[in-house]
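Here's the structure we're looking at; comments come further down.
Computed from the coordinates by the stated procedures, all read-outs in this text should not be read as laboratory data. Quick caveat, the model's predicted, so the values are computed rather than measured. When we count neighbours, we look across all protein chains shown, and the Cβ atoms used for this are built from the backbone with ideal geometry, even at glycine.
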Amino acid sequence: MNIEAARGHSVVVQMEEALSYWQPLPANGYSDIMAHQGNNGGSEISTGFQTIAVGGRVRAHSHVGQVE
């Protein structure tokens with residue numbers, strides 16, 4: 001499904017329903033993925049939260065072919 005096909009589609013996700021992934025140092029935290037292809041009708045759009053410990057950081061990275 002592309003962005004135009006997803007227009008008007010709504011998804012409500014509670015925090016405890018998110019996909020959660022531990023992230024070791026240097027982040028020393030976790031990511032919660034709220035909307036993803038598995039729960040939003042196959043849309044290429046995803047969103048989430050990243051929690052990083054005090055003193056942690058996001059390492060340099062890239063997502064080829066994606067807008068971030």
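For region 42-59, check the following and say yes or no: at least one residue is on the phi > 0 side of the Ramachandran plot and either more than 16 Å from the chain's Cα centre (by Cα) or assigned to a loop (DSSP other than H, G, I, E, B) (or both).
Yes, some residue in region 42-59 is on the phi > 0 side of the Ramachandran plot and either more than 16 Å from the chain's Cα centre (by Cα) or assigned to a loop (DSSP other than H, G, I, E, B) (or both).
Here are some residues: Ser46, Ser10, Ser62. Which one is surrounded by 10 or more Cβ atoms within 10 Å (Cβ to Cβ) and of a type in the set (Ser, Thr, Tyr)?
Ser46
Can you name every residue in region 8-41 that is within 19 Å of Val64 (Cβ to Cβ) and not in a loop (DSSP other than H, G, I, E, B)?
Ser31, Ile33
Those residues that are within 28 Å of Ala60 (Cβ to Cβ), in contact (Cβ under 8 Å) with a residue 40 or more places away in the chain and of a type outside the set (Val, Ile, Thr), I need them from region 9-47; list them, please.
Ser43, Glu44
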